[in-house]
1. Answer with yes or no whether residue 19 is in contact with a Ser or Thr (Cβ under 9 Å, 6 or more places away or on another chain) and surrounded by fewer than 20 Cβ atoms within 10 Å (Cβ to Cβ).
2. Against the condition over 19 Å from residue 147 (Cβ atoms) and surrounded by 19 or more Cβ atoms within 10 Å (Cβ to Cβ), how does residue 99 come out, does it pass?
3. All but one of (1) under 12 Å from the mean Cα position of the chain (by Cα); (2) more than 17 Å from residue 124 (Cβ to Cβ) hold for residue 16, so report the exception by its number.
4. Look through segment 104-151, keep the residues that are touching a helix residue (DSSP H, G or I) at 6+ places or on another chain (Cβ under 8 Å) and polar (S, T, N, Q), and return whichever of them is modelled with the highest pLDDT.
5. Say we look at segment 1-13 and pick out the residues that are hydrophobic (A, V, I, L, M, F, W, C) and part of a loop (DSSP other than H, G, I, E, B); which of these is farthest from residue 124 (Cα to Cα)?
6. Check 107, 30, 118 and return the single one that is free of Cβ contacts under 8 Å to residues at least 24 places away in the same chain, surrounded by fewer than 18 Cβ atoms within 10 Å (Cβ to Cβ) and either of a type outside the set (Phe, Trp, Tyr) or touching a Leu at 6+ places or on another chain (Cβ under 8 Å) (or both).
7. Being within 19 Å of residue 12 (Cβ to Cβ) and among the small types (Gly, Ala, Ser) narrows it down to one of 45, 30, so name that one.
8. Just the residues that are touching a strand residue (DSSP E or B) at 6+ places or on another chain (Cβ under 8 Å) and among the β-branched types (Val, Ile, Thr), please, taken from segment 24-55.
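The values are calculated or read from the model by the stated rules, or taken from the named source; none is laboratory data. Since the model is a prediction, treat every value here as computed from it, not as a measurement. So basically every Cβ, Gly included, is an ideal-geometry build from the backbone, and we count neighbours across all protein chains shown.
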Amino acid sequence: MPELKEGELAPAISARDQNGELITLEEYRGKKVVLFFYPKDNTPGCTAEACDLRDNYSRFREQGFEIVGVSADSEKSHLNFIAKHELPFRLISDPDLKVLQDYGAWGEKKLYGRTYMGIIRKTYIIDKDGYVEKIIEKVLTKEHSKQIFSE
């Protein structure tokens, strides 16, 4: 799939959240969406990122944003992650990697000289009409909200 670019229509999403409920991008029309992709629940970097978004959640809401996270973790894992860290937003469970691949968040990674396939941490800001307004490729996990607001 070609790489998604700013200004393009965001790919449709039809997936399950932490409660097994269907979540679509269409239901967020009229609102801005912070769609963040992260590797794994309850790992240090992912926890820092999610908690930073949680800590700034009221500011996001005041500015008309909804926040949705995506990883390949199970619904049960997401429920645990949400409960443990009191996350106020929905998390998509994408074990078949469809949403991750549609958004270019699944691909080749390198760690300690080893190459493997995995989830690429990135964030998309989607406007009220469903278009990609901004893509953040180099996410600063502890300061992600600041990154989003300064973009």
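1. no
2. yes
3. Failing condition for residue 16: (1).
4. Of everything passing the filter in segment 104-151, 123 is modelled with the highest pLDDT.
5. The extreme case among them is 1.
6. Exactly one of 107, 30, 118 is free of Cβ contacts under 8 Å to residues at least 24 places away in the same chain, surrounded by fewer than 18 Cβ atoms within 10 Å (Cβ to Cβ) and either of a type outside the set (Phe, Trp, Tyr) or touching a Leu at 6+ places or on another chain (Cβ under 8 Å) (or both), namely 107.
7. After ruling out the rest, the residue left standing is 30.
8. Residues satisfying the conditions are 24, 33, 34.
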